[in-house]
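Notes to accompany the following structure.
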Amino acid sequence: MRPVSSKMVLNPMQVAAVTGHKTLQMLKRYTHLRAEDLAKMLKVKTTQYFQTMRLRPDRAGIDRGFQP
């Protein structure tokens, strides 16, 4: 399942309600996360955090490939 909007944030209970899963265990069973998607999300969130804090990740020893 792809997100409708990258700005939309739902907690697991809300996702289960929308998808019709009765338990989080069933949601977890039928959710197949892709490592590439998680890595992209983490990089975006990390970059946003450092930009908000006006820091460069490479100066903090994180993600040497960061380019502002």
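Overview of values
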read-out	value
Odd one out for Ala17, checked against (1) part of a helix (DSSP H, G or I); (2) among the aliphatic types (A, V, I, L, M); (3) at pLDDT below 80	(3)
Matching residues in the range 32-68 - criterion: being assigned to a loop (DSSP other than H, G, I, E, B) and modelled with pLDDT of 75 or more	His32, Leu33, Arg34
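The values are calculated or read from the model by the stated rules, or taken from the named source; none is laboratory data. Please read all numbers here as calculations on a predicted model, not as lab measurements.
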